[in-house]
Each structure stands twice: as structure tokens, then as C-alpha cells.
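Each remark here refers to the structure printed beneath this line.
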Amino acid sequence: MAAIIELSDVYKTYDVTPVLTGVTFSVDPGTIVGYIGPNGAGKSTTVKMILGLTKVDRGTISIFGQTLQPGDTEYKKRIGYVPESADVFDVLTAKEYLGFIGQLYGMTQADAEAKASELLTIVGMQNAIDVRISGFSKGMRQMVLIIASLLHNPDLLFWDEPLNGLDANSVLIIEEVLQRLRDSGKTIFYSSHILDVVQKVSDRILLLNDGKVIANGTFAELNAEKDQSLQELFNELTGFSEHGQKAADFVNVIEAG
């Protein structure tokens with residue numbers, strides 16, 4: 001089975017700071033890949049390079065079996081993207097915004113708005129369809145972004161902290177949506193600091209640290225005979241064992257005097 005994403009010896013430096021230093025991995029179609037790592041490890045940079053938003057300094061990236069070239073755009077029609085933080089046109093209603101996004105992906109406005117209204121109703125936002133997004137809660141805005149990434153039925157999803165702001169019921173729906181999309185053949189590249197969700201939904205886990213992939217496998221493979229949670233494994237592999245002492249020092253400062 002040909003990989004849907006493949007990175008080979010990819011490097012990226014901002015100014016004089018190395019961000020990625022020889023990243024190599026591949027992603028099979030029809031899988032959920034959890035892409036995790038500490039802040040600043042290079043996760044968002046990786047995604048932006050795959051999406052053509054940031055230039056690769058060295059190495060190659062292939063997607064859908066084709067090596068990316070500067071200026072390539074056609075492949076983006078098959079991709080849905082939820083960035084960690086995104087600007088939304090607040091003056092538009094949810095239906096207007098999603099209708100606009102649908103048109104960017106080649107849908108008619110009528111089809112995009114009808115599909116958006118149906119999806120918003122399913123997640124309990126039927127009363128907000130014609131409300132300006134400026135009046136939405138954080139969770140409602142996030143649901144609009146998730147729907148925007150799915151509206152055109154993409155083959156490949158890049159979701160960066162997709163559950164930000166969602167309530168418990170919405171989280172359950174989206175977790176189930178992820179797994180059903182995977183079962184229908186979609187590929188999901190999922191990045192989050194909520195490691196219990198990553199552990200729950202991911203078929204494979206890629207751990208990035210200091211610009212390199214330091215772990216790549218199923219959770220069972222990475223956790224062989226250790227009986228650890230993904231959070232514990234993450235701490236071990238990234239060398240972070242100071243959380244208890246730092247928490248104690250933090251509280252001591254708060255309570256001093």
C-alpha cells in the first residue's frame with residue numbers, strides 16, 4: 001500500500017534556529033496518526049510544509065504519491081485543515097461562512113450552505129445557523145472550523161488541537177466521527193497535547209522532539225511491556241521528569257508570605 005504522506009530527511013531553520021533536523025516518516029491511507037511533541041518541537045511547522053504554507057529547506061515531501069513542488073495547489077482540494085488557532089470572518093453568519101469555504105473547495109454556495117446547515121443541526125447548533133460568528137462561544141467557533149474542514153469530503157485531514165473549547169458531548173461526537181472517517185478510508189493527521197485522546201483514537205503515534213522523530217509506532221509497540229499511559233511514555237521519551245518538583249515550587253511561591 002503506497003503511503004499517502006511521506007517525508008524524507010526534511011530540514012527547516014528559522015533565522016538561525018533549527019526547527020526540523022532530518023524528519024523522516026510515512027503515513028498509510030486509512031489511518032489516524034497522532035503527531036505529538038513538546039511545544040516548539042516542530043509539529044506545526046511540519047504540517048505547514050505539507051500544506052505548502054512553509055518552504056522546505058532540505059529534503060522531500062510527497063503527498064498522494066506526488067513529490068511536492070513550489071506552487072502546487074491541486075492536491076489541496078483533497079485536504080481538510082483545522083489549525084491550532086484560526087481567524088474566522090466574525091461578521092458572517094455560520095451558514096454564510098461555511099458557504100464561502102465550500103465555494104473555495106469547488107462546491108456551489110447552495111450545496112455548501114445546505115450541507116453546513118444539516119451538519120450544524122446534527123451537533124445541536126441549529127439555532128445558530130443564521131447568527132453572526134462574533135457572538136459564538138469558543139466551542140461553537142471550533143465546531144464551525146471542524147465542519148469547514150469536512151464540508152468538501154476530503155481524503156486527508158490535518159487537525160491541530162481540534163477539541164479546543166468543545167464540551168464533553170461534542171468531544172464524544174468528534175472522537176466517533178474521527179473513527180468512522182478512518183473506517184471509511186480517510187486519513188487523519190491528528191496533533192494534540194491532550195494525550196489521553198491521542199492514545200484513544202490513534203492507530204500510530206509519531207513523537208517529535210528537538211526537531212527529530214524519536215518514536216514511531218502503535219501505542220502497544222511503543223509501550224511494550226511497560227504498562228504506561230501515553231503521558232508517562234511521553235515524559236520518559238522527552239526526558240521530562242521535573243513536573244512534580246516544578247508544581248511544588250509553583251505552589252510554594254503562591255503561598256509564600
When you check A148 against the structure, is it in contact (Cβ under 8 Å) with a residue 12 or more places away in the chain, in contact with a Phe, Trp or Tyr (Cβ under 8 Å, 6 or more places away or on another chain) and either of a type in the set (F, W, Y) or not in a loop (DSSP other than H, G, I, E, B) (or both), yes or no? yes
So which of N153, N169 ends up being outside any strand (DSSP E or B) and at positive phi? N153
Number of positions in segment 55-71 that are surrounded by 12 or more Cβ atoms within 10 Å (Cβ to Cβ) and either more than 19 Å from the chain's Cα centre (by Cα) or free of Cβ contacts under 8 Å to residues at least 24 places away in the same chain (or both): 6
Of the residues in segment 179-195, those that are loosely packed, with under 15 Cβ neighbours inside 10 Å and within 22 Å of T46 (Cα to Cα) number 0
So which residues in segment 77-109 are over 23 Å from E161 (Cα atoms), in contact (Cβ under 8 Å) with a residue 24 or more places away in the chain, outside any loop (DSSP other than H, G, I, E, B) and not polar (S, T, N, Q), if there are any at all? K95
Quick check, is G34 in contact with an Asp or Glu (Cβ under 9 Å, 6 or more places away or on another chain) and surrounded by fewer than 23 Cβ atoms within 10 Å (Cβ to Cβ)? no
Where a residue in segment 9-21 is more than 17 Å from T67 (Cβ to Cβ) and modelled with pLDDT of 95 or more and its partner, wherever it lies, is outside any strand (DSSP E or B) and polar (S, T, N, Q), with Cβ under 8 Å and at least six apart: none
Give the residues of segment 194-232 that are touching a residue at least 40 places away in the same chain (Cβ under 8 Å) and within 15 Å of the chain's Cα centre (by Cα), sorted by residue number. L195, V198, Q199, V201, S202, D203, R204, I205, L206, L207, L208
Residue pairs qualifying under the 8 Å Cβ cut-off, at least six apart or on distinct chains, with the first in segment 35-54 being assigned to a loop (DSSP other than H, G, I, E, B) and the second being surrounded by 23 or more Cβ atoms within 10 Å (Cβ to Cβ) and among the β-branched types (V, I, T), are G42/V23
Taking segment 72-95 on its own, how many of its residues are surrounded by 18 or more Cβ atoms within 10 Å (Cβ to Cβ) and among the charged types (D, E, K, R)? 1
So, in segment 55-76, exactly how many residues are touching a Leu at 6+ places or on another chain (Cβ under 9 Å) and in a loop (DSSP other than H, G, I, E, B)? 3
Whichever residue in segment 102-132 is farther than 19 Å from P154 by Cα and of a type in the set (D, E, K, R) and, among such residues, is surrounded by the fewest Cβ atoms within 10 Å (Cβ to Cβ): D130
Against the condition part of a helix (DSSP H, G or I) and surrounded by 15 or more Cβ atoms within 10 Å (Cβ to Cβ), how does A247 come out, does it pass? no
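The values are calculated or read from the model by the stated rules, or taken from the named source; none is laboratory data. Since the model is a prediction, treat every value here as computed from it, not as a measurement. Here Cβ is always computed from backbone atoms with ideal geometry, including for glycine, and neighbour counts include all displayed protein chains.
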